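In what follows, a single structure is set out as structure tokens and then discussed.
Here, each number is a calculation from the coordinates, and none is a lab measurement. Not measured: the values here are computed from a predicted model. Cβ atoms come from the backbone with ideal geometry, glycine included; neighbour counts cover every protein chain shown.
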Amino acid sequence: MNLEKFYNLDGARLSFTRQQASDFAKSVAGDFNTIHDVDSKRFCVPGDLLFSVIIHHYGLRQTMGFSFSGMVGDEVSLILPKVNAREISIYDENDKKYLDVSSDGAHSRSPELINSLTRNYVEFSGHTFPHVLVPLMQENNVMINTERPLVIYDHMRISLDTLDLDSVELKLIGSKFRLYGKRGDVALNYDLCCNDEVVGRGQKKMVLSGLREYDQGKIDALVKSYSGLKSRYAKHIQ
């Protein structure tokens, strides 16, 4: 994964164009959430892209947590601290916080391991909708606003037993949905594996807004539209 083409780093200032963020979402993450479209009024940079850039910039530690507190737009310049601390916070030039990063354990800058982990962690996003989210919504008789769907990351966590690895793959082992009125969150839990051996654990937690009563017809239309976007994109890049 040639990550450098998806962001701009000028000294300590990190920024993204709409095209860079949209290309990453579609070509790397397989994520066709409309908030990552170039012309979206609610455009934001994918959390998976922030996750990947931070690990490539600071290196990988055995245990890492990423808590998102703001949606990064194309007009935002984030300031990357020049500290090597277990806990850092990422702010923009106006002192608005967007991300907290915690880390512990051994440290690695192995390009092979970092590329494998970030690529596989990110690529799983392409399977979240509709394969995981739709059954969970159906089971709980709720759904997102199909006309203005909004699903964003709350946090990501990874914990590796060792960094003496050359590759890491993800296997989904469970998911949990919690409902809070018109909002809900979904926690996806993973095993991190190398050569079919479990070497760690991971979690992605997403927030779903604007929930309402489940409507199979509207969900079917949304899935059809989403699948159509993926199909047209695949034909376009061929």
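Looking at the square roots a ≥ b ≥ c of the eigenvalues of the Cα gyration tensor of the range 79-225, which shape do they give, rounded for a/c under 1.5, prolate if a/b is larger than b/c, or oblate?
Verdict is oblate for the range 79-225.
Let's test the formula: R0 of 22 Å, r as the Cβ-Cβ distance of R212 and D154. What FRET efficiency results, to the nearest 0.05?
After rounding, the FRET efficiency stands at 0.60.
Enumerate by residue number the GluC sites (Glu not before Pro) in the range 11-117 meeting two conditions: DSSP loop (anything except H, G, I, E, B), and at most 16 other Cβ atoms within 10 Å of the site's Cβ.
When the GluC sites (Glu not before Pro) of the range 11-117 are filtered for loop state and at most 16 Cβ neighbours within 10 Å, E75, E93 remain.
Using just the helices of the chain, give the 222 nm mean residue ellipticity in deg cm²/dmol: DSSP H runs with n ≥ 4 each add -39,500 (n - 2.57), and the total is spread over all residues, rounded to 500.
-8500 deg cm²/dmol
Just want to confirm a number: the relative contact order over the range 79-238, from Cα pairs under 8 angstrom separated by 6+ residues, in percent.
Once divided by the residue count of the range 79-238, the mean separation gives 20 percent.
In straight Cα distance, which lysines are under 24 Å from K204, not counting same-chain residues fewer than 8 positions off?
K26, K96, K97, K171, K176, K182, K230
Determine, for Y98, Y233, the number of other Cβ atoms within 10 Å of each Cβ, and report the residues in order from fewest to most.
The most exposed by this proxy come first: Y233, Y98.
As an exercise, use a Förster radius of 41 Å and the Cβ-Cβ distance of N8 and K224 to find the FRET efficiency, rounded to the nearest 0.05.
0.70
Roughly what would the spin-label model give for D104 and Y180, points 7 Å off Cα along C-beta, in nm?
Once both label points are built, they end up 2.4 nm from each other.
Could you give the angle, 0 to 90 degrees to the nearest 10, between helix 216-237's Cα long axis and the longest principal axis of the Cα atoms of the chain?
Value to nearest ten degrees: 50.
Taking the Cα atoms only, what angle lies between the long axis of helix 18-27 and the longest principal axis of the chain, rounded to 10 degrees?
That works out to roughly 80 degrees.
What net charge is computed for the residues neighbouring P149, neighbours being all others with C-beta under 11 Å from the C-beta of P149, Lys and Arg scored +1, Asp and Glu -1? If you can, show how the numbers build up before the last one.
Working: positive: R42, R148, K218; negative: E147.
Within the 11 Å Cβ shell, the charges total +2.
Please enumerate, by chain and number, the aspartates and glutamates with C-alpha under 19 Å from the C-alpha of K5, excluding those fewer than 8 residues away in the same chain.
D23, D31, D37, D48, D74, E75, E112, E123
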